[in-house]
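Written out below as structure tokens is the structure these notes cover.
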Amino acid sequence: MKEALLNYKQKTLKRGQFWLPDDFSDVIPEMAEEFKRNFLIPRTTNIDFSPFRDRFGYELPDEIKEYMSLYWHPCVDGAYDCMQQNEKGYYKFDDSIVLFSVMKNNNESDDDVLFHKYGIIDLTEEWLKSCKEDAESQPELAEFAKEAIDYIPIGWSSYYAYDILFRRSTKKIYLGADSTDRFVCEEPIANSLPELINGLFFYNH
């Protein structure tokens, strides 16, 4: 994971620009300036991940823990080649993928990053709620709803608004399905979270 994040950092700095919040007023000022210079800020303290375990009944996978524990970072995003999908009924496309940020705001502890809007707890709660509601309104989805707990949302695609999902049992990365008969696309778009991050690229304008 560390190598993937450092590789991503080099790509963003070489490009000369990357996504930053328009308003850094909630972020510790020194951290905001360091983001602009180096994108990644090494972390010196550990996160207590037990609130996630207590809420959902399982431990966060190590890959996601490392993504959150190695560095503070404002956003990991970029275009991604999703054309390896070759499923009947699905479009082949490139899309812009956004992974959740890991930032520390003013007057927060290091653990509060778990509870941010669009953070790991927020995304997971929304995913499970959505799957449950869809299964209740569409009985044919009930079987797939049982598997929802095996997936953790780690971001979204900008254009098509698909969930980006980490599958706990295989550690592979999937897109949420825009379909009436399943929640998740059949084929993964990456075999690991580091592979996904390494595969992000930027269009030349």
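The values are calculated or read from the model by the stated rules, or taken from the named source; none is laboratory data. Keep in mind the model is a prediction, meaning the values are calculated, not measured. A quick note on method: Cβ atoms are made from the backbone with ideal geometry, for glycine too, and the neighbour counts reach across all protein chains shown.
Okay, here's what the table says:
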item: Complete set of residues in segment 127-154 that are modelled with pLDDT of 95 or more and under 14 Å from the mean Cα position of the chain (by Cα); result: Y151, I152, P153, I154
item: Residue tally, condition at pLDDT below 95 and either in contact with a His (Cβ under 9 Å, 6 or more places away or on another chain) or over 13 Å from Y80 (Cα atoms) (or both), over segment 165-187; result: 12
item: Members of segment 107-144 found to be surrounded by 18 or more Cβ atoms within 10 Å (Cβ to Cβ) and in contact (Cβ under 8 Å) with a residue 24 or more places away in the chain, listed by number; result: V113, L114, I120, L123, T124, W127, C131, L141, F144
